[in-house]
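> Following this message is one structure expressed as structure tokens.
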Amino acid sequence: MKLLKYAGFVPYLWILFLNAMVDLAHKITIQNVLFKSFEGSTLVVLTALINGMILLPFIFLFSPSAFLNDKFSRTNVIRWSSLVAVGISVLILLSYMLGAFYVAFGLTLILAAQSAIYSPAKYSIIKSIVGTAQLGMANGVVQGITIVAILFSSLGFSLLFEW
């Protein structure tokens with residue numbers, strides 16, 4: 001595949017894969033914790049709250065995210081936001097290990113904010129890596145990698161949680 005010969009495209013795909021997988025792994029884990037720990041109206045409220053915490057940063061950070069991605073190098077935005085995601089993920093892991101569910105719950109909002117800043121950069125950098133001739137194919141590969149990460153994470157972390 002010609003796309004794999006472009007400098008930086010393979011590491012870019014790995015970053016996309018890992019970010020999507022880890023992001024979804026936490027969301028699956030926290031949803032499973034809710035389903036196993038609560039029931040009735042409490043479950044409904046907490047599920048709605050967690051879904052809001054995941055989606056609202058994308059709405060509220062739409063303009064700041066666009067500003068950051070226009071003002072700074074997209075490569076740097078991806079590097080820094082990925083580094084932040086690793087830090088947040090470590091804090092979430094420690095929260096689960098210590099039984100601090102509500103801390104992990106709150107960190108979900110911060111992880112979603114990171115994702116809201118990261119997302120525009122991950123899509124807007126494609127053209128600068130592969131150019132316009134391969135842009136359609138590259139977008140397809142990016143979507144495919146993201147879907148594979150989602151499926152892998154959904155299956156793997158659901159099984160891991162049940163184990």
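Since every read-out is calculated from the coordinates, none of them should be taken as a lab result. In this text, all values refer to a predicted model and were calculated from it rather than measured experimentally. Here the Cβ is made from the backbone with ideal geometry for all residues, glycine too, and neighbour counts use every protein chain on show.
> Taking a cut-off of 29 Å between Cα atoms, list the lysines near K27, but don't count ones fewer than 8 places away on the same chain.
The reachable lysines, counting only those whose Cα sits under 29 Å from K27, are K36, K122.
> For the stretch 47-100, compute the orientation-averaged projected area of the C-alpha convex hull (one quarter of its surface), in nm². It would help to have the intermediate numbers written out before the result.
Working: hull surface 18.2 nm².
For the Cα atoms of the stretch 47-100, the hull's average projected area reads 4.6 nm².
> To continue, here is another question. Run a plain Debye calculation on the stretch 112-160 (Cα atoms as equal point scatterers, no solvent) and give log10 I(q)/I(0) at q = 0.23, 0.31, 0.32 Å⁻¹, rounded to two decimals, same order as the q list.
Each listed q maps to, in turn, -0.89, -1.05, -1.06.
> Within the chain, which whole H helices from DSSP have a Cα span along their axis of at least 30 Å and a mean Kyte-Doolittle hydropathy of -1.0 or more, if any?
Numbers: long enough: 9-37 (42 Å, 0.99); 74-97 (34 Å, 1.26); 101-124 (35 Å, 0.95); 135-162 (40 Å, 1.56).
What comes out of the filter, once short or polar helices are dropped, is 9-37, 74-97, 101-124, 135-162.
> Kindly rank 81-92, 108-119, 53-64 from highest to lowest mean number of other beta carbons found within 10 Å of each residue.
Numbers: 81-92: 17.2, 108-119: 20.7, 53-64: 14.6.
Answer by packing, highest mean first, reads 108-119, 81-92, 53-64.
> While we're on this one: Go ahead and estimate [θ] at 222 nm for the chain from helices alone: -39,500 (n - 2.57) per DSSP H run with n ≥ 4, summed, over the residue count, rounded to 500.
Numbers: 7 runs with 141 residues, N = 163.
Result for the chain: -30000 deg cm²/dmol, rounded to the nearest 500.
> Moving on to the next point. Have a look at A113, L159, S63 and report the one farthest towards the positive end of the charge dipole of the chain, computed about the Cα centre with Cβ charges (Lys/Arg +1, Asp/Glu -1).
S63
> Taking the convex hull of the Cα atoms, report for the chain its projected area averaged over all directions, in nm².
Working: hull surface 40.9 nm².
The orientation-averaged projected area of the Cα hull of the chain comes to 10.2 nm².
> Which value, in Å³ per residue, describes the convex hull spanned by the Cα atoms of the stretch 9-76? Each step should come with its number before you reach the end.
On the way: hull volume 5.7 nm³, N = 68.
In the stretch 9-76, the Cα convex hull volume per residue is 83 Å³.
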